[in-house]
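A quick write-up on the structure given underneath.
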Amino acid sequence: MGRVRAQGAKNAALPAFAASLLTDKPVLLHRIPAISDVTTIIAMITALGKRVDALGGGTFRIENGGRLKREAPYELVRCMRASFFVIGPLLARLGEAIIPLPGGCTIGSRPVDLHLKGLRVMGAEIEQRQGIIHATAERLQGRSIYLDYPSVGATEDLIMAATLAAGETRISNPAGEPEVLDLIAMLQKMGAQIELSDSEIRVAGVKELTGAEHEIIPDRIEAGTYLLAAGITGGAVEVEGTITNHLTALIAKLQEAGIELQIKDESITASNEERSQAVDIETMPYPGFSTDLQAPMAAFLALARGKSMIKETVFESRFAYIAELIRLGADIQTIGRTANITGVEHLNGTQVRAADIRAGAALILAGLAAEGETQIEDAGHIDRGYTDIVNKLTALGAQIERR
Ligand code: UD1
């Protein structure tokens, strides 16, 4: 059996760096994953006037490096959507933000209308010219905001903006992902006044925030990917340093598929000796099945016994990787946002291309199980979200190398 330690959560680390823009005081972050999206957000906040020092072991200190700037460089927003999330903190601190519209993974149009709508409700004037958002607000005002959809990024962005607004902001229908709660925990350490109820987040604005020390939560998506690696290869893997509660939906589906799981509070062991059974999944906001595990799950189901159905409800086009799985021999048909998978007995290695982080992870899983060699082009996408995946898998017994 192999063991692997979960990295810190990408989706908690990125907003944590953005949140450091809300204060002039030092912020210390622990358990930051060594992934290229973190490099991008560090470049972003450095360009905006912060100084970031890596202290080793996943710890970073963020201090003021000069005056805070209001304009985000296009090349950084272009390559990562999460860098757009600096708009809330900048507007709250400076009363002005100039941010190009984001790029990131090619998984649907991924608009930012909910971010902008919320900031407008808080009194921001927002103009859009030639793909650049120009937002101004003398001081943001606490207001009631209803999110049409519980967007993770919009919830985080608006909470950050609200921490320094005048009066109370109420966000109803917010996202409740563990990464959102982790950001709230960090902001509370910085002095933000935030209360949570079942359906609402209430933020009472304060004049200024202070520094904080914060260890971000483990990455449930990375952990899930390694559990699926055990499932697809018929091996046994213990993922250490997880929060089991964050993986409830995946655990239920793995058990339904016939995978043996040994579950402790901070570690999960998956082992799989027989061919797995087909299961149906539908992606949903947390605590539903994560859209980020949809592609790795599809790779796993491509080899399961029987017919599985995957319905993607969060993003409009997150099936681009399926054509690549088919090239490896999978039997999958897509109709709109539904993928019908008929499990095959073998996949055969060939050359495929990773279109985004999770597509890349799915192709690695398929490649581990496929007969012969699989070559993944554009594998750099995978480094956006997975620390040292080649070495971690090698330690688990996989034959994988980077060329
Ligand atoms: C975050 C995660 C990403 C995950 C996703 C859903 C980060 C850095 N990324 O992305 O890994 O897959 O949550 O769990 O945390 N939408 C709008 N308008 C908006 C914002 C979003 O229509 O203003 C739509 C999106 O197009 C998408 C859906 O809402 O269809 C969910 O998006 P959202 O929750 O915002 O995802 P992100 O925050 O971008």
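The values are calculated or read from the model by the stated rules, or taken from the named source; none is laboratory data. Everything numeric in this text was worked out from a predicted model, so none of it was measured. Because the Cβ atoms are built from the backbone with ideal geometry, glycine has one as well, and the counts that use them run over all protein chains shown. In case anyone asks, the SASA skips ligands and DNA or RNA and just uses the protein heavy atoms, side chains included. Shrake-Rupley method; radii C 1.70, N 1.55, O 1.52, S 1.80 Å.
Mind counting the residues in segment 187-211 that are part of a loop (DSSP other than H, G, I, E, B), open to solvent by 90 Å² or more (accessible area, probe 1.4 Å) and farther than 22 Å from Asn64 by Cβ?
Adding up the residues that qualify gives 1.
Exactly one of (1) open to solvent by less than 10 Å² (accessible area, probe 1.4 Å); (2) within 20 Å of Ile159 (Cβ to Cβ) is unmet by Gly49. Its number?
(2)
Consider Met309 carefully, then state whether it is within 14 Å of the ligand (Cβ to nearest atom) and open to solvent by 40 Å² or more (accessible area, probe 1.4 Å).
Considered against the rule, which asks whether it is within 14 Å of the ligand (Cβ to nearest atom) and open to solvent by 40 Å² or more (accessible area, probe 1.4 Å), Met309 comes out as no.
Just to be sure, is Arg403 open to solvent by less than 30 Å² (accessible area, probe 1.4 Å) and assigned to a loop (DSSP other than H, G, I, E, B)?
no
Consider Leu254 carefully, then state whether it is assigned by TED's automatic domain parsing to the domain that holds Thr338 and over 20 Å from the mean Cα position of the chain (by Cα).
Judged against the criteria, Leu254 is a match.
Could you tell me which numbered condition His214 fails, if it satisfies all but one of (1) assigned to a strand (DSSP E or B); (2) open to solvent by 30 Å² or more (accessible area, probe 1.4 Å)?
(2)
Within segment 339-357, does at least one residue satisfy the condition of being buried (at least 16 other Cβ atoms within 10 Å of the Cβ), among the basic types (Lys, Arg) and either within 16 Å of the ligand (Cβ to nearest atom) or in the same structural domain as Ile41 (by TED's automatic domain parsing) (or both)?
No, segment 339-357 contains no residue that is buried (at least 16 other Cβ atoms within 10 Å of the Cβ), among the basic types (Lys, Arg) and either within 16 Å of the ligand (Cβ to nearest atom) or in the same structural domain as Ile41 (by TED's automatic domain parsing) (or both).
Could you please give the count of residues in segment 246-262 that are more than 23 Å from Gln7 (Cβ to Cβ) and outside any helix (DSSP H, G or I)?
Selection size over segment 246-262: 3.
Is it true that Ile376 is open to solvent by 30 Å² or more (accessible area, probe 1.4 Å), assigned to a strand (DSSP E or B) and in contact with a helix residue (DSSP H, G or I) (Cβ under 9 Å, 6 or more places away or on another chain)?
Answer is yes for this residue.
Name the strands (runs of 3 or more DSSP E) wholly within segment 263-364 that hold at least 3 residues that are in contact (Cβ under 8 Å) with a residue 40 or more places away in the chain and not charged (D, E, K, R)?
Correct list: 267-271.
What about Pro15, is it outside the structural domain of Tyr226 (by TED's automatic domain parsing), within 14 Å of the chain's Cα centre (by Cα) and either over 28 Å from Ile243 (Cα atoms) or surrounded by 24 or more Cβ atoms within 10 Å (Cβ to Cβ) (or both)?
In short, yes.
When the residues of segment 113-133 are filtered to those that are open to solvent by less than 60 Å² (accessible area, probe 1.4 Å) and either among the hydroxyl-bearing types (Ser, Thr, Tyr) or under 9 Å from Pro100 (Cα atoms) (or both), which remaining residue is modelled with the highest pLDDT?
Ile133
Anything in segment 75-99 that is over 15 Å from Gly49 (Cα atoms), under 21 Å from the mean Cα position of the chain (by Cα) and open to solvent by 10 Å² or more (accessible area, probe 1.4 Å)? List them, or say none.
Within segment 75-99, Glu75, Arg78, Cys79, Arg81, Ala82, Phe85 qualify.
Which pairs do you get when a residue that is farther than 23 Å from Ala270 by Cα, found in segment 5-23, comes within reach of a residue that is among the hydroxyl-bearing types (Ser, Thr, Tyr) and assigned to a helix (DSSP H, G or I), reach meaning Cβ atoms under 7 angstrom, with the pair 6+ apart or on two chains?
Note: pairs meeting the criteria are Leu22/Thr163.
Can you find even one residue in segment 109-119 that is among the charged types (D, E, K, R) and under 21 Å from the mean Cα position of the chain (by Cα)?
The answer is yes, given that some residue of segment 109-119 is among the charged types (D, E, K, R) and under 21 Å from the mean Cα position of the chain (by Cα).
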